[in-house]
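This report refers to the structure that appears directly beneath it.
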Amino acid sequence: MDRWEPAIDNLRAISGVLLGSLRDLAPILLVIAFFQLIILRQPFPQLGETLVGIFLVLIGLTLFIQGLEQGLFPLGESMAGSFAEKGSLAWLLAFAFALGFGTTIAEPALIAVSAEAAAVAAAAEFIANDKESMDNYALGLRFTVALSVGVAIVVGVLRIVRGWPIQYLIIGGYIMVVIMTMFAPREIIGIAYDSGGVTTSTITVPLVTALGVGLASAIKGRNPMIDGFGLIAFASLMPMVFVMAYGMLV
């Protein structure tokens, strides 16, 4: 019986997460149903496919949350603690940059937005309307955003290590954003502002948050609640600066 206990515990955990995911999705489903049936007074188009899609979203969200709690959060915190114990700031910063860059370049939301931005730029004749030009534009945008997040995580880790106040860094960053907005091409400003949001999505947020909390927990004199959070703010801010610079140069 003992050998089945881990599996039973996992099933209980997943069932709890499943109920939580259903509870979280319920308001969205109720809003959609209300406006579709009561306000628009129209039946759901392709009801069967819609129900299957909702079911897949529910299962995917459940597995994603369980995976975060069981795998990514503990892994991120453990690695951050190990780097802090190792005592090498250079390796810690290298890991922070690689984590920020790697998670962002693989971010599905960024891939989708970059492709859409390339298509719109081609339609507006800002770039050549061919596949190679659009692919190069989208790839350049992705690499720019990924580079910016890598730099942002390095700055955030340095803040935790050195104990710098977060408000001064954030205020300074947004002042830079406002100044650059005055000089950046109008066509890139909207994309730059949206880039700050799409980078902080399904892949980046869990690992970066775990890195901050784990690092603050491992460093003596740091409070995980006060110092462990805030990396996501840098990851949202820095892409706006880098993408506007990308627009000025490219």
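Which count do you get for residues in the range 198-246 that are modelled with pLDDT under 85, buried (at least 18 other Cβ atoms within 10 Å of the Cβ) and under 19 Å from residue 117 (Cα atoms)? Counting residues in the range 198-246 that are modelled with pLDDT under 85, buried (at least 18 other Cβ atoms within 10 Å of the Cβ) and under 19 Å from residue 117 (Cα atoms) gives 3. Check whether at least one residue in the range 111-133 is out of contact with any Pro (no Cβ under 7 Å at 6 or more places or on another chain), open to solvent by 30 Å² or more (accessible area, probe 1.4 Å), farther than 30 Å from residue 190 by Cβ and hydrophobic (A, V, I, L, M, F, W, C), and report yes or no. No; the residues of the range 111-133 include none that is out of contact with any Pro (no Cβ under 7 Å at 6 or more places or on another chain), open to solvent by 30 Å² or more (accessible area, probe 1.4 Å), farther than 30 Å from residue 190 by Cβ and hydrophobic (A, V, I, L, M, F, W, C).
Can you name the residue in the range 6-59 that is among the charged types (D, E, K, R) and under 16 Å from residue 70 (Cα atoms) and, of all such residues, is modelled with the lowest pLDDT?
Among them, the one singled out is 9.
Pairing residues of the range 143-166 that are touching a residue at least 60 places away in the same chain (Cβ under 8 Å) and in a helix (DSSP H, G or I) with residues that are of a type in the set (Phe, Trp, Tyr) and open to solvent by 10 Å² or more (accessible area, probe 1.4 Å), at Cβ distances under 6 Å and at least 6 apart in sequence or on separate chains, gives 144/242; 144/246; 148/242; 154/97. Screening residue 3 against (1) modelled with pLDDT under 75; (2) of a type outside the set (Gly, Ala, Ser); (3) within 28 Å of residue 211 (Cα to Cα) leaves a single unmet condition, (3).
The values are calculated or read from the model by the stated rules, or taken from the named source; none is laboratory data. The shown structure was predicted, so the numbers you read here are calculated from the model rather than taken from an experiment. Don't worry about glycine lacking a Cβ; one is built from the backbone with ideal geometry, like all the others, and counts go over all protein chains shown. These area figures cover heavy atoms from the full protein model, side chains too; ligands, DNA and RNA do not enter into them. Shrake-Rupley method; radii C 1.70, N 1.55, O 1.52, S 1.80 Å.
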